[in-house]
Structures are given as structure tokens and as C-alpha cells.
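Student: Attaching a single structure in C-alpha cells format; questions to follow.
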Amino acid sequence: MKTFLFLLLVGYATICPSLSFAFPGEIFKIETAGKEYCGDFEVAAFNAGNNVDLWVRLDSDTQMTVSLTSNFASGSTFPMFGFFYLVNGKNAAFVGGVLFVDDSYATIQGIATFDKIGNVTKLTGTFIQNEVLRAGCFSSGKFKSVKD
């Protein structure tokens, strides 16, 4: 199944300096659900029971890493970049995307939820990707973080 996630939080500490924004290094397991399209009449649904496992590590205020392995093994990761906008004291909206050299791409948009001290506790949103994991296929759907 082709699934993908991208998340990036940019500048939260600047917008809300009273919080000790502590996201660098936070890791989330991501579950996706949606549909994959591969050629004429080839449509397959995917969900937490049959999707590709993904993990996201928030690296800095301008970068995150997506991994196909929980230990972020070499060759299973790629960096991502994007923007976010504070919605209120508990949530930020985000949008992002990546374009690879082979013209495969992925985009996301969603909400990051924070606790009282500025840690990201939950990620939810939607994604669209084209040929990121399998040539000739694209998919779209929803994602959410889950306890690993």
C-alpha cells in the first residue's frame, strides 16, 4: 500500500515563547487509512490492519524525518520540510510536502495537538502521495498518531 506522512512544525517557540516547546526528537507511530489507485479499476482500501508502517521523528523547527522502520534504520528514512500556524494554545495547523528527484511526491495537512508545556501529543490530518512507495500508484487518505 502506498501511504505517506509528512509533518513539520515551524517557529512555535517564537510565536508562543512562554511555552518550553520541546518537540525535537519526539517520535510518533503513524496509522493511515484511505484508498490506493494503481491503473484502471485497480482500487484498494487500506487501514491500520494493512497499511505500511510509518514513524515520524520531529527533528527541529524546520525538519522532520519519516521512516519505514521504528529504529530509523539507514536507507529507510527521508527528511521533510513544511510550515505550521498556531490555531490556539493547544493546536497548530500544518501543511507540507516533498518532491523526490524521480518526480514522486507527497503532501499533507493536519493538526498537531500540544500539552500544557508545549510537547506535541497527537498528530492528525490528510495526505496525498504519488509513486512514493510503488511505481504507477497514488493514494490519499487520513493519518493519525497512535501509541506504539
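Student: How about the range 48-60: which of its residues are under 21 Å from Pro79 (Cα atoms), without any contact (Cβ under 8 Å) to a residue 40 or more places away in the chain and out of contact with any strand residue (DSSP E or B) (no Cβ under 6 Å at 6 or more places or on another chain)?
Tutor: Asp53, Ser60
Student: Shifting gears a bit: Of all the residues that make up the range 95-134, how many are modelled with pLDDT of 90 or more, in a loop (DSSP other than H, G, I, E, B) and either touching an Asp or Glu at 6+ places or on another chain (Cβ under 6 Å) or surrounded by fewer than 19 Cβ atoms within 10 Å (Cβ to Cβ) (or both)?
Tutor: Selection size over the range 95-134: 6.
Student: Just to be sure before I move on: is Ser145 within 17 Å of the chain's Cα centre (by Cα) and farther than 12 Å from Phe28 by Cβ in the structure I sent? Show your work before the answer.
Tutor: Numbers: within 17 Å of the chain's Cα centre (by Cα): yes; farther than 12 Å from Phe28 by Cβ: no.
The answer is no for Ser145.
Student: Also, I was wondering about something else. Return yes or no: is Ser74 more than 21 Å from Phe138 (Cβ to Cβ), out of contact with any strand residue (DSSP E or B) (no Cβ under 8 Å at 6 or more places or on another chain) and touching a residue at least 24 places away in the same chain (Cβ under 8 Å)? Let's see the steps before the verdict.
Tutor: Numbers: more than 21 Å from Phe138 (Cβ to Cβ): yes; out of contact with any strand residue (DSSP E or B) (no Cβ under 8 Å at 6 or more places or on another chain): yes; touching a residue at least 24 places away in the same chain (Cβ under 8 Å): no.
So Ser74 does not fit the description; no.
Student: Here's a follow-up. Which pairs turn up if I take residues in the range 32-47 that are hydroxyl-bearing (Ser, Thr, Tyr) and look for partners that are surrounded by 11 or more Cβ atoms within 10 Å (Cβ to Cβ) and not in a strand (DSSP E or B) with beta carbon separation below 6 Å, at least 6 apart in sequence or on another chain?
Tutor: Note: pairs meeting the criteria are Thr32/Thr3; Thr32/Asn51.
The values are calculated or read from the model by the stated rules, or taken from the named source; none is laboratory data. The structure displayed is predicted, hence computed values, not measured ones. Every residue, glycine among them, receives a Cβ derived from its backbone with ideal geometry; neighbour counts consider all protein chains shown.
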